[in-house]
Amino acid sequence: MRRLLLASLFSTLIVAGSAGAATLDDLRWDYRVIAVFTPTDTAGQATADELSNTVGIAERDIAWFVVSPDALHSNLSQPIERASITGLHQTGGFEAVLVGKDGGVKARQGESLDIHAFFDAIDSMPMRQQEMQQQQ
C-alpha cells in the first residue's frame with residue numbers, strides 16, 4: 001500500500017511539474033524559434049551566453065532554446081516541454097534549427113551556429129518583410 005501511495009504521489013508531482021509548460025505549437029505565430037542542440041553542457045552554456053548577448057533577437061521575435069544533455073536554456077521565462085524541442089533534433093551531434101512563425105522548419109546548421117545566416121534567412125521571409133515595413 002505504501003509503495004502504491006508513493007508511486008501515485010510521484011506521478012502527481014511529474015504531471016504537476018509539467019503543468020503550464022509550453023510546447024512549440026504554443027509559440028506558433030508569436031515567435032520564430034532557434035533550437036540549438038549541443039553535445040556537452042559546457043558547449044550549451046557557451047551557446048546560451050552567446051545568444052543572450054546577440055543584438056537582433058528581440059526585434060525578430062525569436063525564442064531560442066539551447067538543449068544539452070543535462071540542461072535547457074532559453075530567453076523565455078515560461079518553461080517549455082523539452083520533448084517538443086528535442087523533436088526537432090535529427091542528428092546525433094551539434095545541430096541548430098530555425099523554425100518560422102508558421103511552425104515550419106526553415107533552415108538547419110550542422111557544424112556550428114551562424115546566427116547571422118539565420119538572421120538573413122529570417123529577414124528574407126515575407127512575414128518579416130511585412131514586419132519591417134510596419135516598423136518604418
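The values are calculated or read from the model by the stated rules, or taken from the named source; none is laboratory data. Being a predicted model, the structure only gives us computed values, none of them experimental. As a convention, Cβ positions derive from the backbone with ideal geometry for all residues, glycine included, and neighbour counts pool all protein chains shown.
Every test in (1) at pLDDT 95 or above; (2) more than 18 Å from A22 (Cβ to Cβ) is passed by Q135 save one, and that test is (1).
Taken over segment 27-54, the residue count meeting the criterion of being without any contact (Cβ under 8 Å) to a residue 24 or more places away in the chain and charged (D, E, K, R) is 1. Out of the residues in segment 88-106 that are under 23 Å from Q129 (Cβ atoms) and not aliphatic (A, V, I, L, M), which is surrounded by the fewest Cβ atoms within 10 Å (Cβ to Cβ)? Only one residue fits best here, namely G104. Looking across A46, A63, one residue alone is touching a Leu at 6+ places or on another chain (Cβ under 7 Å) and modelled with pLDDT of 95 or more. It is A63. Residues of segment 25-59 that are within 12 Å of the chain's Cα centre (by Cα), among the hydrophobic types (A, V, I, L, M, F, W, C) and not in a helix (DSSP H, G or I): V33, I34, A35, V36, F37.
Filtered by the rule that a residue be over 22 Å from H116 (Cα atoms) and in contact with a helix residue (DSSP H, G or I) (Cβ under 6 Å, 6 or more places away or on another chain), segment 70-105 gives D70, A71, L72, S84.
Considering only residues that are among the hydrophobic types (A, V, I, L, M, F, W, C) and more than 14 Å from G44 (Cβ to Cβ), look in segment 65-87 and name the one that is surrounded by the most Cβ atoms within 10 Å (Cβ to Cβ).
Start the filter on segment 65-87 by keeping residues that are among the hydrophobic types (A, V, I, L, M, F, W, C), which leaves 65-67, 71-72, 76, 80, 83, 85.
Restricting the remaining residues to those that are more than 14 Å from G44 (Cβ to Cβ) gives 76, 80, 83.
Working: L76: 13, I80: 20, A83: 11.
Only one residue tops the list, namely I80.
For segment 107-120, the criterion of a residue being at pLDDT below 95 and surrounded by 13 or more Cβ atoms within 10 Å (Cβ to Cβ) is satisfied by no position.
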